[in-house]
Amino acid sequence: MFGLKSESVLKLDQEYHELDEYQGKESRWCPGCGDNGILAATQRLCRDEQLAPEKTVFVSGIGCAARFPHYMGTYGFHGLHGRALPVAQGVKIRRPDLDVFVNMGDGDCCSIGTAHWIHAIRTNMKMVVMLHDNNIYGLTKNQASPTTPQGRITSTTPYGNLLKAMNPLTVTLGVTNVSFVAQVVEWIPDLLYKVLREAYNHKGLAFVRILQRCPHFMPTAWDQLLSNPDKIAVMDSPDGVQLSDATAKIYKTRVAHDSSDLNAARQVASLEDEVPVGILYRNEMVPTYDELRRPQRLPEPELTEEILNRSFDRFGIFPSTSSKAGD
Ligand SMILES: Cc1ncc(C[n+]2csc(CCOP(=O)(O)OP(=O)(O)O)c2C)c(N)n1
Ligand SMILES: [Mg+2]
């Protein structure tokens, strides 16, 4: 009986996961919505890393981007507006063995969810956080978000947005314990995939801002970048991502960058005339919350055995050590 059971467990472990296993429901995003490209890159990442669908969780708040978990063939939690990160942290703290991904819109993350965003960066739990930044509240149809450009007319700014847009990269890079910050645009699939892969393999919280097209409410938002690829500045660092030859031919602007230097990352994140893409900052030495919580943590099987033994010992009946031979 036991033999049969362990054989089937072994079979499950060795199963190869095909790309279509990561496909959930059919997407309801608009044609041309950049979220579709982010979904495709993420599914490919899951397949290439062979993430077990039953051990992978996508967590979101509310918004168009937040529909992401429905379209993945994994576990997911479509929660409350702005509250994706605390839910993801709850999942991770209880089940550190699960792979956790978070998908948030610019409203979800930088508006209603700001407090959670700051504290999640500081807490540095291992997870991939994707900010789908389309510069607008898409789901609720065209209200200004913190990243909406100055002057932009929206339904909440009928005379033009008075405020300059917030820069989510410099905000993230300003938080204590920040350990990974990257930026990509969803219309360069090669770069998007490679940055997500690095983010997934990072030890702590990896924050990836993804500039995303919203053809319905912000149809011209990224026109300057789309028509002039030279405005996209690819981070050039020895441990950074390498573009494929085809992509490198289109995106020629390179910025020599040391992604281990926090001040250099802040500087490059503040560029205004060009849009920096690639890994801006990576520091594997920042302790994760799990490491701080359980500094001398045993490997998983030994830990389980240790916990079980401790529980059993509470009920154990041991021979008295004071008894003498012959008693
Ligand atoms: C507490 C709360 N406040 C407001 C809303 C309404 N609401 C739903 S989605 C959204 C904004 C979505 O914008 P964003 O996060 O940028 O996502 P996008 O739709 O652009 O992907 C708002 C204001 C809500 N659902 N719950
Ligand atoms: Mg948005």
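The values are calculated or read from the model by the stated rules, or taken from the named source; none is laboratory data. This one's a predicted model, so the numbers in the text were calculated from it and none came from an experiment. Quick reminder, even Gly has a Cβ in these numbers, built from the backbone with ideal geometry, and neighbours come from all protein chains shown. Just the protein is used for accessible areas: all its heavy atoms, side chains included, with ligands, DNA and RNA removed. Shrake-Rupley method; radii C 1.70, N 1.55, O 1.52, S 1.80 Å.
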## Note on the structure
Probe 1.4 Å, all chains present, heavy atoms only: E302 accessible area in Å², nearest 10, is 90
### Message
Taking the Cα centroid of segment 262-289 and of segment 71-121, what is the distance between the two, rounded to the nearest whole Å?
### Response
21
### By accessible area with a 1.4 Å probe, ligands and nucleic acids excluded, highest first: order of M166, M218
M166, M218
### Task
With a/c under 1.5 counting as rounded, go ahead and sort segment 243-287 into rounded, prolate or oblate using the C-alpha gyration tensor (a ≥ b ≥ c being the square roots of the eigenvalues; past the cut-off, prolate if a/b is larger than b/c, else oblate).
oblate
#### Entry: Residue list for segment 254-287, given a label point 7 angstrom along the Cα-to-Cβ vector of Q224 and an amide N cut-off under 18 Å
254, 268-277
### Query
On alpha-carbon atoms, Rg over Rh for segment 20-315 using Kirkwood Rh?
0.99
### Message
Just to be sure I understand: with springs between alpha-carbon atoms less than 10 Å apart, which residue in L191, L262, L211 has the highest mean-square fluctuation in the Gaussian network model of the chain?
### Response
L262
### Query
Listed here are the pairs K92/K231; K25/K92; K164/K249; K25/K126; K194/K252; which of them are more than 29 Å apart at the Cα?
K92/K231; K164/K249
### Query
Over the heavy atoms of K141, what accessible area does a 1.4 Å probe trace out, to the nearest 10 Å²?
130
### Message
Can you give me the C-alpha center-to-center distance between segment 21-56 and segment 169-188, rounded to a whole angstrom?
### Response
22
### Message
Running a GNM on the chain with Cα contacts under 10 Å, which residue among A256, A66, A165 ends up with the highest mean-square fluctuation?
### Response
A256
### Task
Tell me which residues come under 5 Å, amide H to amide H, from A233 once H is placed; ignore anything under 5 positions away on its chain.
V275, V277
